[in-house]
Amino acid sequence: MTMKTVRRGAIAALALASTLALAAQPAFGSTPDDPAPGATSTPAPSQEPGTTEAPASEAPDTDAPDTDAPETGAPETEAPAPEASAAPERRAEAAGEAPAEEAEIDVSISEISLEGPAIVDVEVTVANDSDTAMSKVAVSFTGPVGWQVAVVDDELGRIAAGDEEVAVFQLRVPEKRPGYALRVFTATADYRGGDGAGSATGTLSVPTIPPLPNLIDQTQLSIAEVSSEETVSENTPATKAIDGDPYTFWHTAYRNGAVPYPHHVTLDLGASYDVTGLEYLTRQNAVNGRMKDYQVFVSADGTSWGDPVATGSFTGDLGPQRVEFAPAAGRYVKLVGLNSVAGNAFGGAAEINVGGVPR
């Protein structure tokens with residue numbers, strides 16, 4: 001079993017029974033607003049984590065020319081996050097090395113509902129898949145900045161080879177704020193024995209909005225056609241909009257002068273669907289490339305399009321922006337951008353997802 005560094009793009013909304021909150025009171029006190037005895041807390045920031053947009057004056061945005069002069073490549077390159085977050089196996093393969101051995105201690109976190117205010121139990125499971133018993137196993141658990149955590153049982157002691165044990169914590173979930181954010185929870189097990197590593201970590205990422213209804217597996221999508229893409233000054237082809245990585249992006253061509261709007265990208269869904277929606281994630285690290293007014297088309301053959309199934313405007317919000325519409329039969333979906341948030345000629349997307357029901 002591999003160590004699960006759990007990143008969930010979806011959350012099953014759990015109804016929190018009133019008895020759970022009552023049962024949680026001994027750890028946190030008699031009311032939800034009382035400070036938790038022994039709980040750790042960091043002052044909450046004044047703004048929603050993950051929702052602060054990069055200021056227009058920062059370096060990555062200075063490449064937007066007022067004329068048709070090409071952008072400079074350096075500021076428009078992707079943020080360094082993808083390489084840092086790439087799987088060790090993928091990096092090893094790229095370097096021609098053998099993938100690292102799979103970890104034998106697995107740490108996983110139970111699902112967490114973000115519907116607050118509430119106090120919820122969180123279970124952290126530590127599984128020992130090694131051939132040696134683990135001893136002195138202690139577990140720690142943390143949530144987003146400002147969220148209080150109280151310990152119920154974090155000392156697991158000994159875990160035999162092939163066995164697993166569960167640590168329990170209580171988490172105070174604040175009232176949900178509007179907008180998009182990704183809440184990240186981390187659990188770490190420290191131990192002796194086992195695989196000899198000494199510690200293992202698991203994470204759980206929960207978005208504050210549910211996934212797009214009828215979400216089609218993005219790995220089934222391919223680029224059928226694109227109006228333009230920059231592949232000389234920087235590597236930003238349209239395929240970057242369907243690679244599952246929010247820190248890479250498709251950017252329209254500008255090497256020999258910025259290609260003007262409208263811009264479009266056509267997705268092949270791989271099969272025929274009753275298409276019900278589209279989700280657009282804008283570029284995360286700079287303003288250039290963020291489309292504003294849009295049209296969405298659906299086609300059976302990728303040639304005949306008819307009228308748009310949806311029109312509207314995206315904003316500069318860094319979270320997923322959802323477009324839902326009446327089911328439209330087809331295999332191809334075309335997103336057309338008519339202008340940009342910044343008022344310049346650049347278009348693109350960090351991620352595009354499509355919802356649909358197989359026909």
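How much accessible area per residue does region 190-331 have, in Å², with a 1.4 Å probe? Intermediate results must be reported in sequence, preceding the final value.
Details: 5650 Å² over 142 residues.
Solvent-accessible surface per residue comes out at 40 Å².
Tell me, in nm to one decimal, what length is gained between residue 317 and residue 177 on full extension, where the rule is 0.36 nm per residue of separation less the Cα-Cα distance?
Working: separation 140, 0.36 × 140 = 50.40 nm, distance 1.46 nm.
Length gained, residue 317 through residue 177: 48.9 nm.
Just in region 130-204: which GluC sites (Glu not before Pro) are loop by DSSP and have at most 11 other Cβ atoms within 10 Å? Walk me through the numbers before you get to the answer.
Values: sites: 155, 164, 165, 175; in loops: 175.
Passing both the DSSP loop test and the Cβ count: 175.
Charges only on Cβ, +1 for Lys and Arg, -1 for Asp and Glu: so what's the dipole of region 268-307 about the Cα centre, in debye to the nearest 20?
Numbers: 3 positive and 6 negative charges, 74 e Å.
It comes to approximately 360 debye.
Suppose accessible area is computed on protein heavy atoms with a 1.4 Å probe; arrange 172, 359 from highest to lowest. Numbers along the way, then the final one.
Values: 172 35, 359 165 Å².
Final ranking, largest accessible area leading: 359, 172.
Could you work out how far the C-alpha centroid of region 100-144 sits from that of region 294-315, in angstrom?
Each part reduced to its Cα centre gives a spacing of 44 Å.
Quick one: pull the percent of accessible area on region 253-359 belonging to carbon and sulfur, 1.4 Å probe, ligands and nucleic acids left out.
That share works out to 47 percent.
Which length gain, in nm to one decimal place, applies between residue 132 and residue 256 when the Cα-Cα distance is subtracted from 0.36 nm times their residue separation? Could the numbers behind the result be given before it?
Numbers: separation 124, 0.36 × 124 = 44.64 nm, distance 6.17 nm.
Using 0.36 nm per residue and subtracting the Cα-Cα distance, I get 38.5 nm.
Once amide H atoms are built 1.01 Å from N in the peptide plane, which residues 5 or more positions from residue 309, or in another chain, come under 5 Å H to H?
Long-range HN contacts for residue 309: 296, 297, 298.
Which order do the peptides 280-289, 299-308 come out in when sorted by mean C-beta neighbours inside 10 angstrom, highest first? Intermediate results must be reported in sequence, preceding the final value.
Working: 280-289: 24.3, 299-308: 12.5.
Taking the mean over residues of other Cβ atoms within 10 Å, the ranking is 280-289, 299-308.
The values are calculated or read from the model by the stated rules, or taken from the named source; none is laboratory data. Just so it is clear, the model here is predicted, and its values are computed rather than measured. Note: ideal-geometry Cβ built from the backbone for every residue, glycine included; neighbour counts use all protein chains shown. These area figures cover heavy atoms from the full protein model, side chains too; ligands, DNA and RNA do not enter into them. Shrake-Rupley method; radii C 1.70, N 1.55, O 1.52, S 1.80 Å.
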